[in-house]
Amino acid sequence: MKNIAAFIDIKEGKPSSRSKQILQLIQGIQQKMYASVAIQLFTFDTVDKVDLPSLSNVKLYSLQGASDTGLLSKEQIDSILTLMSDDVSTCVIGYKSSLIDTILTAAAIRFNLKVIPQVISLELTSDQFAIQQSIFSGKALSYLHVSHLSVLQLNPAFEFASSIVDTIEQHCENIALPANTTCQVTSINKIAQGANLAEANYVVGAGRGLKDPSNWNMIEELASKIGAATACSKPVSDINWRPHSEHVGQTGIKIAPQLYIACGISGAIQHLAGINGSKTIIVINNDPEAPFFKYADYGIVGDVFDIVPEIVKNI
Amino acid sequence: MPMKILVCISAVPDTTSKISLSSNNFVNMDGLTFITGPYEDYALSRAIEFKEANPESIEITIFHVGLEDAEPIIRKCLALGADSAVRVHTKANDSLQVANEIASYVKENSVDLILMGKESIDYNTGLVHLYTSNILGWNHYSPVMNLAIENDSCLLKVESSVGSVQLTSSLPLVLGCQEPIAEWKIPSMRGIMAARTKPILVREASAPNSFTYEKDAVNEQNRKGILFQRENLSELIDIIKKEVRS
Ligand SMILES: Cc1cc2nc3c(=O)[nH]c(=O)nc-3n(C[C@H](O)[C@H](O)[C@H](O)COP(=O)(O)OP(=O)(O)OC[C@H]3O[C@@H](n4cnc5c(N)ncnc54)[C@H](O)[C@@H]3O)c2cc1C
Ligand SMILES: Nc1ncnc2c1ncn2[C@@H]1O[C@H](COP(=O)(O)O)[C@@H](O)[C@H]1O
């Protein structure tokens, strides 16, 4: 392996908690096997300098020109791939998302590599990665060994255990992507400021137990108090109580936050399929038989209209 | 010439399936009920809405890479209103393999629009539509939440990292679909009868597998399962505080 290209997020001058996992992985690769490997880090965030773990031979690029729509045209992807070395001896790494996936697959086709999907953990061996892949929406794992020259699509719950010791300040080079001319954008309905659900560290979810969309005030209040994103069950978005972009589960967004608080959600298997990557799950439901309690770290049997305001008041 | 829509479907265990292992240490598929991937159901439902509005000008082909046990699922898609189906006779092992099969069919047959689900629910990779667009050189959007066709263009609503984006893009296109693009449909008795005589063309496989899997494991979720009473709510609040601080 001669190059690693990785996609990271930078929030307030620091790599996001997920991006830290990528940087730890790269540090591990440099320490254990390829000290001289050249690292290219790409971000869509606008930054000039960032504190990064000390890696050697590293360059950071801020890609400008996709942040208004969150979409990339083929020409734009090509210009990103052109920045990556032509050397086919490359490993490309990024968390699964609709934006990053477009680059990962294009890189795989261009450099004749394979995308290893849904990597949830990996171990370094001298000539391969020993991969654990999340399958069936987190209900099972699959094991395989792949070449170091691969494209790794990381599952939202991916972790690479190691602790970054020292950090150094890294300057960032701005790259202007060509204009996106393949489509005419007629309007953009931006998601409300706040945490992006798929990447949020904390999520408050609510279901049909809330009874009426007007009752989401307390959910939003709780979320804003702890800096969480809001999520909902499928029926709630189906009846337009909440936007579809909040729907988590088998047929919605898959989340892997540090903490998920589920309010008035029964815990159907299809809902669990979207949230089983959560580190800690707290369930609030007035039915002691609600299936969600079996999948909770902490639960409380009670009325959401009593419990949630009480939490908001005391947190 | 009618507009040709190819809807690519996966056959996956029902969403309520309990996953267990068989003696060879891979996920046991015996005894599970298979369904069309839920996202592909949305894609197909939208295609059928186009056809119902304009029966003469839309032709829908179902495309599936997999063995003959998927034929009941394919028949159900035909019963919903698709015109014909193509099945590539091989075990689908990975997204690149499936994409190569789709692309090789599309190169030999005229197709204007390829609809897929945002992702399958077995491997959840969301890569088949991307690989296909790269191999064919077609433009691609996913996840698509609204779709209308106007002449040679599609009007789309796409969920991106910044929000929902309305745009117009010209055909041919490869799209990964998700709700609320359409409502799931139930086949009618007439549709089921008509489907019996609709053709399912079986094609030879041409693309290789990418991976060799060693084994699977059931992902046991060991949750703490600690239950609080109302009078101990403050303890739960302390836990939330600690979680958010760490
Ligand atoms: C193919 C398929 C895919 C699906 N995909 C998804 C998916 O992606 N995501 C998803 O969420 N669902 C999905 N579903 C639907 C899923 O099966 C459930 O129907 C859904 O998750 C239930 O939503 P809910 O928990 O909000 O509502 P309900 O099941 O109605 O549960 C409401 C809960 O609120 C509790 N409650 C009521 N009042 C109060 C109160 N005052 N205080 C506290 N608790 C209260 C009740 O005890 C109950 O447990 C899918 C279904 C199918 C068939
Ligand atoms: N075996 C298959 N045959 C045909 N289409 C498939 C197959 N597997 C997946 N697809 C399509 O590709 C989409 C993305 O699948 P995946 O990349 O596996 O998540 C699915 O929603 C289907 O539309």
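The values are calculated or read from the model by the stated rules, or taken from the named source; none is laboratory data. Keep in mind it's a predicted model, so treat the numbers as computed, not measured. Because the Cβ atoms are built from the backbone with ideal geometry, glycine has one as well, and the counts that use them run over all protein chains shown. For accessibility, only protein heavy atoms count, side chains too; no ligands or nucleic acids. Shrake-Rupley method; radii C 1.70, N 1.55, O 1.52, S 1.80 Å.
Return yes when A:Gly65 is crowded, with 21+ Cβ neighbours inside 10 Å and either touching a strand residue (DSSP E or B) at 6+ places or on another chain (Cβ under 7 Å) or over 25 Å from A:Asn112 (Cα atoms) (or both) and no when it is not. Answer is no for this residue. If you filter the stretch A:162-217 down to residues that are at pLDDT 90 or above and among the charged types (D, E, K, R), you find that the one that is nearest to ligand 1 (Cβ to nearest atom) is A:Arg208.
Among the helices (runs of 4 or more DSSP H) contained in the stretch A:6-111, which hold 1 or more residues that are within 23 Å of B:Leu136 (Cβ to Cβ) and out of contact with any Phe, Trp or Tyr (no Cβ under 6 Å at 6 or more places or on another chain)? Please lay out each step first, then the result.
Working: elements: A:17-32, A:74-83, A:98-111.
Fully inside the stretch A:6-111 and qualifying: A:74-83, A:98-111.
The number of residues in the stretch A:244-266 being open to solvent by 10 Å² or more (accessible area, probe 1.4 Å), out of contact with any Pro (no Cβ under 8 Å at 6 or more places or on another chain) and more than 8 Å from ligand 1 (Cβ to nearest atom) comes to 4. Filtering A:Gly138, A:Gly94 for residues that are of a type in the set (Gly, Ala, Ser), modelled with pLDDT under 90 and under 18 Å from the mean Cα position of the chain (by Cα) leaves a single hit, A:Gly138. Restricting attention to the stretch A:293-311, the residues being open to solvent by less than 10 Å² (accessible area, probe 1.4 Å) and at the interface with another protein chain (Cβ under 10 Å from one of its Cβ atoms) number 6. Of the numbered criteria (1) modelled with pLDDT of 95 or more; (2) within 24 Å of A:Ile135 (Cβ to Cβ); (3) touching a Ser or Thr at 6+ places or on another chain (Cβ under 7 Å), the one A:Ala231 fails is (3).
For the stretch B:81-115, a residue qualifies if it is acidic (Asp, Glu) and farther than 23 Å from B:Pro143 by Cα, and the qualifying residues are B:Asp83, B:Glu108.
Within the stretch B:7-31, restricting attention to residues that are under 17 Å from B:Ala92 (Cα atoms) and within 13 Å of chain A (Cβ to nearest Cβ), the residue that is farthest from ligand 2 (Cβ to nearest atom) is B:Asn28. None of B:Leu115, B:Leu127, B:Leu136, B:Leu80 is of a type outside the set (S, T, N, Q), in contact (Cβ under 8 Å) with a residue 40 or more places away in the chain and away from ligand 1 (no atom under 16 Å from the Cβ) except B:Leu115.
Regarding the stretch B:124-131, can at least one residue be identified that is at pLDDT 95 or above and part of a loop (DSSP other than H, G, I, E, B)? Yes, the stretch B:124-131 contains at least one residue that is at pLDDT 95 or above and part of a loop (DSSP other than H, G, I, E, B). Look at (1) within 23 Å of the chain's Cα centre (by Cα); (2) away from ligand 1 (no atom under 11 Å from the Cβ); (3) facing chain B (nearest Cβ under 8 Å) and you find that A:Thr230 fails only one, number (3). Is it the case that some residue within the stretch B:128-145 is more than 13 Å from chain A (Cβ to nearest Cβ), more than 14 Å from the chain's Cα centre (by Cα) and either open to solvent by 10 Å² or more (accessible area, probe 1.4 Å) or more than 12 Å from ligand 2 (Cβ to nearest atom) (or both)? Among the residues of the stretch B:128-145, not one is more than 13 Å from chain A (Cβ to nearest Cβ), more than 14 Å from the chain's Cα centre (by Cα) and either open to solvent by 10 Å² or more (accessible area, probe 1.4 Å) or more than 12 Å from ligand 2 (Cβ to nearest atom) (or both), which makes the answer no. For the stretch A:270-289, taking the residues that are under 18 Å from A:Lys211 (Cα atoms) and open to solvent by less than 10 Å² (accessible area, probe 1.4 Å), the one that is farthest from ligand 2 (Cβ to nearest atom) is identified as A:Ile284.
Do we have A:Leu149 as in contact (Cβ under 8 Å) with a residue 60 or more places away in the chain, open to solvent by 20 Å² or more (accessible area, probe 1.4 Å) and either within 23 Å of A:Ala66 (Cβ to Cβ) or more than 12 Å from chain B (Cβ to nearest Cβ) (or both) here? Don't jump to the end; show me each part of the working.
Details: in contact (Cβ under 8 Å) with a residue 60 or more places away in the chain: yes; open to solvent by 20 Å² or more (accessible area, probe 1.4 Å): yes; either within 23 Å of A:Ala66 (Cβ to Cβ) or more than 12 Å from chain B (Cβ to nearest Cβ) (or both): yes.
The answer is yes for A:Leu149.
Regarding the stretch B:94-106, can at least one residue be identified that is under 23 Å from B:Leu147 (Cα atoms), open to solvent by 30 Å² or more (accessible area, probe 1.4 Å) and among the polar types (S, T, N, Q)? I'd like the intermediate steps shown before the answer.
Start the filter on the stretch B:94-106 by keeping residues that are under 23 Å from B:Leu147 (Cα atoms), which leaves B:99, B:102-103, B:106.
Cutting the leftovers down to open to solvent by 30 Å² or more (accessible area, probe 1.4 Å) gives us none.
Among the residues of the stretch B:94-106, not one is under 23 Å from B:Leu147 (Cα atoms), open to solvent by 30 Å² or more (accessible area, probe 1.4 Å) and among the polar types (S, T, N, Q), which makes the answer no.
When B:Leu21 is tested against the conditions (1) surrounded by fewer than 22 Cβ atoms within 10 Å (Cβ to Cβ); (2) aliphatic (A, V, I, L, M); (3) within 13 Å of the chain's Cα centre (by Cα); (4) away from ligand 1 (no atom under 16 Å from the Cβ), the lone failure is (3).
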